[in-house]
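Working notes for the structure below.
The values are calculated or read from the model by the stated rules, or taken from the named source; none is laboratory data. Note that the structure is a prediction, hence the values are computed from the model and not measured. A quick note on method: Cβ atoms are made from the backbone with ideal geometry, for glycine too, and the neighbour counts reach across all protein chains shown.
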Amino acid sequence: MPGPGVAAYLIISVILFATGAFGVLIRRSPLIVLLALEIMLNAGNLALIAFARQTGTGSGQIFALTVMVVAAAEAVVGLGLIVAISRRHIDLDVDKLTTLRG
Amino acid sequence: MTGAAWIALFAPAAAVVLIALAGTRIPRRAAGILAAGSALVSFICSVIAFVGLLGESPEERTHFSTLWTWLSAGRLQIGAQILVDPLSVFMMLVVSGVGFLILAYATGYMHGDAEERRYHAYKALFLFSMLLLVEAGNLVLLLAGWGMVGLSSYLLINFWHHRASAVAAGKKAFIMNAFGDATFVLAIFLLIQRTGSVDFRSVLQDGVVKHGSAVAVLIALGLLGGAVAKSAQVPLHTWLPDAMEGPTPVSALIHAATMVTAGVYLIVRTHVLFELAPAIQDLAGILGAITILLAGVVALVQTDIKRVIAYSTMSQIGYMFVAVGLGAYGSGLFHLMTHAFFKALLFMAAGIVIHALSDEQDIRRMGGLGRALPLTYRAFVVGALALAAIPPFAGFFSKDSILGAAANAGTLGWILWGAGAIGAFLTALYTFRLLFIVFWGDLSPFAREHVHVKRFEGGFAMAWPVAVLTVLSVVGGWLQVPWGWSLVNDWIDPVAESAEEATGVTFTFSVVASLALALGGIWLAWRLYGRPSGAPARVRKRWPWATRTLEHKFWFDELYDRLFSAPAAGMAVALGRDVERPVFLASLGGIATGVRSASRRLSTVQTGFVREYALALAAGLAVLAIVFILVT
């Protein structure tokens, strides 16, 4: 199947990953942090599928599917945590959630 | 036949499990009946095996039976294997027969004790271990039984664990036996290394190791070490008198009739290995002779009724060692059997005396009990006559069989014969000293105050086993009568051929001389102790040094204390003071402080900012990626 080579996909994947990582590091709202995390996961998925297409084997796709399931589960837990935090009337700001300081 | 032997072996084990599982749901008396009943089952099965062997020709009387492979290591296969042959059946009959009588006696003796059930369970456990020891078909299984009788002995010596002296005595017995077990194990290791087997079929063959070689000597020496410790022979004898801290039926069963004779059984069973190292076999006889004399003279000054009998036990086992040391296996086992009868009888009679006097064991407070306990007195007289080897009682035939064999064994034989003959004099002297002090004369003030006599002088449960043993102590010796027949020798010969006994004039001389010495001993005891007199005190005064030596039992305990106990204790104290306190304990505090301050500093890294963690992760990943690129 003709189309762009694997390098193009990888460049997009790297851009996506960097965007996501940047978002995790600089944003203070936990909701946006979660969102950025999803972007990072999907960057990984993209790279996996690109490699899967290049090698012609299915294992990369299976990995990607597994990552999606994990991402969904992680979103459920993360959102659940956010809802629980907001229910207790605590500011939704990751820099203020520092009770675990040693 | 082997089936019966297996049942005989496992019946007491079943009783142990039942008593342990049933706990308080069965009455105390039932526990005792269960234990005694299992011994009866064992005895009946032993008789069945005996009858089965009788029906065969003497060469065919060897049956191995393996239930499963117990241990397997490379070429070495050790089975849960029993051996039914004349020797093991002989021992089974003695162990389960006398064991049954003593367990039945114990139901009366221990009645009302706070932990009666535990006692009966231990007693059945001992019986199982002892039967395992005598039935085992290979050396490792024999060793298992060997260790387990040591364990049951330990458990029963300190049965009254609230008495500090009983606990100490138990430990002493255990440690001294552990020494013997260790040499026994080393001998087995050497055998495995040389022959690759522990099976009696392949190990007990002539020429399994070279005759008189260093290996043969070491193996025999290791086995002898085990036998000497278990049978309380010099120099590993000091535990037996202390073991009298246990209840009297324990002394009768374990420390007189069965366990302490296991060493004799071991030597007869492995006589092939001993015959390959004649020097060690002679050593067994010499140690036996030393024990006869040493225990005999120490018994003269003991004041505890059970300790006198305990020293007598050591001395009598000395005779058995002399017999097996000279190759007179049949005579040794014959004395083992008669000794089991009359020594159990003496202990059980002493038990009735102790019971009647509210647990008093000091003979200086006894006296004149013949009038208060006439039946016990008669039983004790029979036991004493059997022990002193007066015809027609059992001890006469077995002891003269041993002395007759010694008289036919060259120079060493005559030296051992001399020890045995002097031993006969000492035996009669200390036995009748005990008898006269305890039973003759007027009732002592202490006895008048404390004596209380039950029906049959000890209750029915205690009386009938004593009666049976009294009869056996009379007729038990008639199995082997000089100039008549020798049933025990004939029975044992297929397993271990006995050395020839002296005949004719030599034998007559041996019998007459030892009998004269024994009668002389009784006469001297009567002169000294038959009526109240100052004679014993005068003897003490004339030889104060000898008296002190005997009262200190030749200072063996003091010597071992100096040699082993004190250095070990001193080293422990020094190590505690100079190593443990300054090095280990001090360093523990330092280590704790260091770890605490280091972790306090480290914990500042944990800021609680999620984004910092994420950054650290990302940075770490980046470093890894760069390293990865640079390396490849």
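Numerical summary
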read-out: Within segment B:213-237, considering residues that are touching a Leu at 6+ places or on another chain (Cβ under 7 Å) and not hydrophobic (A, V, I, L, M, F, W, C), the one surrounded by the fewest Cβ atoms within 10 Å (Cβ to Cβ); value: B:GLY222
read-out: Scan of segment A:40-54 for residues that are over 15 Å from A:ALA7 (Cβ atoms) and of a type in the set (S, T, N, Q), ordered by number; value: A:ASN42, A:ASN45
read-out: Residue list for segment A:66-102, filter: within 14 Å of chain B (Cβ to nearest Cβ) and among the polar types (S, T, N, Q); value: A:THR98, A:THR99
read-out: Any hit, segment B:612-632, residues being in contact (Cβ under 8 Å) with a residue 12 or more places away in the chain and surrounded by 10 or more Cβ atoms within 10 Å (Cβ to Cβ); value: no
read-out: Residue check, B:VAL505 in contact with a Phe, Trp or Tyr (Cβ under 6 Å, 6 or more places away or on another chain) and among the β-branched types (Val, Ile, Thr); value: no
read-out: B:LEU333 being surrounded by fewer than 24 Cβ atoms within 10 Å (Cβ to Cβ), part of a helix (DSSP H, G or I) and within 19 Å of the chain's Cα centre (by Cα); value: no
read-out: Verdict on B:PHE397 being under 22 Å from B:ALA516 (Cα atoms) and either crowded, with 24+ Cβ neighbours inside 10 Å or among the hydrophobic types (A, V, I, L, M, F, W, C) (or both); value: yes
read-out: Every residue from segment B:589-611 that is within 10 Å of chain A (Cβ to nearest Cβ), small (Gly, Ala, Ser) and loosely packed, with under 10 Cβ neighbours inside 10 Å; value: none
read-out: Residue identified as in contact (Cβ under 8 Å) with a residue 40 or more places away in the chain and under 29 Å from B:MET366 (Cβ atoms) among B:VAL468, B:VAL488, B:VAL481; value: B:VAL468
read-out: Residue in segment B:367-414 that is nearest to the chain's Cα centre (by Cα), counting only those that are closer than 20 Å to B:LEU426 by Cβ and polar (S, T, N, Q); value: B:SER398
read-out: Exclusive hit being among the β-branched types (Val, Ile, Thr), over 21 Å from the mean Cα position of the chain (by Cα) and buried (at least 17 other Cβ atoms within 10 Å of the Cβ), set B:VAL264, B:VAL208, B:VAL268; value: B:VAL208
read-out: Conditions (1) modelled with pLDDT under 90; (2) closer than 25 Å to B:THR506 by Cβ; (3) in contact with a helix residue (DSSP H, G or I) (Cβ under 8 Å, 6 or more places away or on another chain); number of the one not met by B:GLY410; value: (3)
read-out: Checklist (1) more than 14 Å from chain B (Cβ to nearest Cβ); (2) closer than 30 Å to B:GLY608 by Cβ applied to A:LEU31, failing item; value: (1)
read-out: Total residues in segment A:11-28, condition closer than 20 Å to A:ILE49 by Cα and within 14 Å of chain B (Cβ to nearest Cβ); value: 5
